[in-house]
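Just below is one structure, and these are the notes that go with it.
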Amino acid sequence: MENRYPNAPSATEASNHSAPPDPPALPSAYRSSSQSASQARSDPRHSPFLRMLVNSSSIWLPLLAGVLFLLLWQLEVFHHILDLKKYQLPLPSAIANAMLDNWSMLLSYTGYTLTEAVLGMLCGSALGFVIALIATAWPRWGGASLIVVATMNAVPIVALAPVMNLWFGDGIGSRVAIVTVTTMAAMAINAYKGMTSVHPLALDLMHSYAASRIDTFRYLRIQNSLPHVFTALKINATASMIGAIVGEFFFSSQGLGYLLSNSIKVAKMPLGWSCIVLAAIAGVIFYLIVERLEKVFIRWHSSQRI
């Protein structure tokens, strides 16, 4: 029978077009990656709780180590190992009771010592930075000035404290001067290193822009020295507390060093250890503040993007 519709598809072609075409096969690499991703999601080791524990390990591991240390101390393990008596190394419970009984006095003396440390560190760091600027601007005098600063820093605090007391009296000024001398060298050496370790291509770029010497210092050398400056500040954050406390051992009527010295003389060891604990806490807080300022002011540096 003749086909009346020449353009109509045949029965075989119609049966072929009735079913939709099969989807293209996915590449083997994509299938394997999707399968591994689904397995990872189903793996209990990749649960959000476990990831949170891993990310917070930098916090709870030190806390766990600290709790274990205090527990061994309270159980007198260190006393047996080092053959110490309780009056030589008071228990943490005795130190905590001494802190609670003398909290107002300890808080006042901690503020006094921290004021000495902060003022001395600011003065010493500022002087050290100025010395680094002068040494960089006039290289002929740079080596000699840094040697003088390093020589002053080599003088022991116990020898420097009586001299500063004679010069500045027995008030807060003598301890500020001690801390100033103690913290000046670290800032001078680190800032000088940062200002002089500038890439030669950066200097050539500034010269090509016809930048003045002041602009080169402002936009290149000082900016390049900021990571070194904050390194020196973190060093000085702890060194300033040491200088202030040691200075209070000689001539002072307030401060943690004064209270620690008197507590040892009258055999009040729990009170003396309370001064040590508060000095350590103040030093750690001081260091963390400097570290936070570093993240704010030099967030452009590669060390802050890791």
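FYI, it's all coordinate maths here, none of it is from the lab. Since we're looking at a predicted model, the values are computed, not measured. Positions of Cβ are backbone-derived with ideal geometry, glycine not excepted, and every protein chain shown enters the neighbour counts.
Details
- Ordered by the number of other Cβ atoms lying within 10 Å of each residue's own Cβ, fewest first, 258, 209 fall into the sequence 209, 258.
- Remark: 121, 206 ranked as 206, 121, counting other beta-carbon atoms within 10 Å and listing the fewest first.
- Taking a straight line from the alpha carbon of residue 234, these lysines sit under 20 Å away, with near neighbours fewer than eight places off in the same chain left out: 193, 295.
- Working note: Karplus 6.51/-1.76/1.60 with θ = phi - 60° gives segment 156-165 the couplings x, 5, 5, 8, 7, 4, x, 5, 5, 5 Hz, where Gly and Pro are set to x.
- Burial ordering of 112, 287, 219, 192, fewest other beta-carbon atoms within 10 Å first: 219, 287, 112, 192
- Candidate lysines for bridging to residue 86, where Cα separation is under 26 Å - those fewer than 8 sequence places away on the same chain excluded: 265, 268
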